[in-house]
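These notes are about the structure you will find just below.
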Amino acid sequence: MNQKTATVAEDTKDPRVARREKLRQIEARGIDPFGNRFDDRTFIGQCREQARAIKFVQQDGTEIPLPDFADPDLDYRQWKSDNGPGDENGPTVRVAGRIMLMRDKGKLVFLTLRDWTGEIQIFIGKKQVGDEDFELAKLFDLGDLVGAQGRLGYTNTGELTVFAEQLFFHTKMLEPPPDKHAGLTNPELRQRMRYADLAFNDGVIDTFKDRTQIVQSIRRTLDDDGFWEVEGPTLHMVAGGAAARPFATHHNALDMPLTMRIALELHLKRLMVGGMERVYELGRVYRNEGISPRHNPEFTMLECYQAYGDYRSMMDLTERLITDAIESIGGGYRREYDGKQIDFTPPFQRATYAELFQQATGVDANDDAEVGAYAAKLGFDTSGKHPDLIRNEIFEEKVEDTLEGPIFVIDYPASICPLTKRKRDNPEIAERFELFILGMEIANAYTELNDPDLQEKLFETQLQGQDEEDSMAKMDHDFVRALRHAMPPAGGLGVGIDRLVMLLTGKKSIRDVILFPLLRPETS
């Protein structure tokens, strides 16, 4: 190693210059500073599993279990002396990951290496790795990706360690890592630089691994229940299935306007008409609306439909989807979120829209005059509005935030549910539920409307007074035509995956569970 060059690199005030100088020195050794194939790698999590089989082997070949390293009074050096002479029979492993901590003790270097399954200490001794690899270790920086091959065992302090016999260089990190004390803490910067957030902030990668397990669990539950996963189009000629503003685009070859989908519903129902009786899609939907801790314009939605079911079938399914997801990530049905306890033990509470309205406001939800007077007292503009629309504005303002849940709010006013079947004994009420948890809507489900004439009439009613740019301002004639080919009675469910993950992992913002949320342009 060129001592003069190393001193220049260490003395410079710009860490980027120092890192590039070390990169040059690594290249000068004939080593590719951006790595090569590394076969037979052992993940760090697997190392910890393998460590359970390590025994202390005495000279006569007798194997004895290792002591309890969790014991704070353990002196492992003394324990080995008392049970020796002998040594551990740890396996040889090959690990790779990012350097999170580094301590240079002269002729010894200690690293903490992290891969996506965990962290482990690497012991690098000059005697054990030889002069060439030891000089390479002196060119390591925090954040570099390196590999080590060596025996898996324990230090005298009882820390699981790879005692390196050979080193490998995989990638030089050219940017300095976040300050080890302050860290990467600015929320917007963490979301913008998600790669650094994942690499250097504890627990972030675990959150997204939990998200993956939750989504996998949802798929398993549906697959095991006989549902088939399908893929619908993301470009729609008519944005339907929800009341939301779409993103508009244009297809040049066909010279036609299109929108990004705002829901999955109407194409999945077309499939039921065709005879696919249990279908679901887990996919992205896009709504040209605001950004907040609970909203992202691009988000993940589950929608599923079950022929010959109804909204009660969907309640049972929703409970099972959520409880199975909780079991997949562990932690039990009682979970903490923002200082509050949520008890997901089934069955979830069920209450009608009208009951909850009256409890929160003291107003009879079925009395239009009372509802109107209460709305006027709140300062709401009621002129020209349907009583159910006024009712729902009050519900959103006064009721939803009181719903700690999980609670199924059932039986909504029919006029605000144009895709929902009415109750046979009361056509003013729709067979719909929404699942609320801590004031957030997590799921929405219907007994699906399959009467094509009524559907067409309700679409026309819905169009009245809508802005031209609103999603519901255009009639989906093909969907009505599909219903005329006979869709079976069915239950349908939509679940906001991002919000569900947010609640189950205890994150306060939806952006903390979306890998790359939409952000404002970066300012210089």
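The values are calculated or read from the model by the stated rules, or taken from the named source; none is laboratory data. Here the structure is a predicted model, which is why all the values come from computation and not from measurement. Every residue, glycine as well, gets a Cβ built from its backbone with ideal geometry; the counts of neighbours run over all protein chains shown.
Assorted remarks:
- Any helices (runs of 4 or more DSSP H) falling wholly within segment 329-423 and containing at least 2 residues that are under 23 Å from residue 448 (Cβ atoms) and in contact (Cβ under 8 Å) with a residue 40 or more places away in the chain: 353-361
- Residue within segment 263-272 that is within 25 Å of residue 510 (Cβ to Cβ), surrounded by 14 or more Cβ atoms within 10 Å (Cβ to Cβ) and either of a type in the set (Asp, Glu) or under 17 Å from the mean Cα position of the chain (by Cα) (or both) present: yes
- Hits in segment 161-177 - residues which are farther than 26 Å from residue 48 by Cβ and surrounded by 15 or more Cβ atoms within 10 Å (Cβ to Cβ): 172, 174
- Of all the residues in segment 237-277, those that are in contact with a strand residue (DSSP E or B) (Cβ under 8 Å, 6 or more places away or on another chain), in a loop (DSSP other than H, G, I, E, B) and over 19 Å from residue 417 (Cα atoms) number 6.
- Among residues of segment 112-124, those that are touching a helix residue (DSSP H, G or I) at 6+ places or on another chain (Cβ under 8 Å) and not basic (Lys, Arg), counted: 8
- Where a residue in segment 486-498 is over 26 Å from residue 298 (Cα atoms) and its partner, wherever it lies, is aromatic (Phe, Trp, Tyr) and modelled with pLDDT of 95 or more, with Cβ under 8 Å and at least six apart: 488/308; 489/308; 490/305; 490/308
- The requirement of being over 18 Å from residue 119 (Cα atoms) and of a type in the set (Gly, Ala, Ser) is fulfilled somewhere in segment 204-225, by at least one residue.
- Residue count for segment 188-223 under the criterion of being of a type in the set (D, E, K, R) and either touching a residue at least 60 places away in the same chain (Cβ under 8 Å) or over 28 Å from residue 506 (Cα atoms) (or both): the result is 8.
- Unique residue being in contact with a Pro (Cβ under 9 Å, 6 or more places away or on another chain), buried (at least 18 other Cβ atoms within 10 Å of the Cβ) and touching a residue at least 12 places away in the same chain (Cβ under 8 Å) when the list is 74, 142, 136: 142
- Filtered by the rule that a residue be of a type outside the set (Phe, Trp, Tyr), touching an Asp or Glu at 6+ places or on another chain (Cβ under 9 Å) and buried (at least 19 other Cβ atoms within 10 Å of the Cβ), segment 412-421 gives 413, 414, 417, 419, 420, 421.
- Within segment 375-420, considering residues that are farther than 23 Å from residue 446 by Cβ and acidic (Asp, Glu), the one modelled with the lowest pLDDT: 381
- Considering only residues in segment 178-219 that are of a type in the set (S, T, N, Q) and modelled with pLDDT under 95, the one that is surrounded by the most Cβ atoms within 10 Å (Cβ to Cβ) turns out to be 191.
- The number of residues in segment 478-524 being β-branched (Val, Ile, Thr) and outside any helix (DSSP H, G or I) comes to 3.
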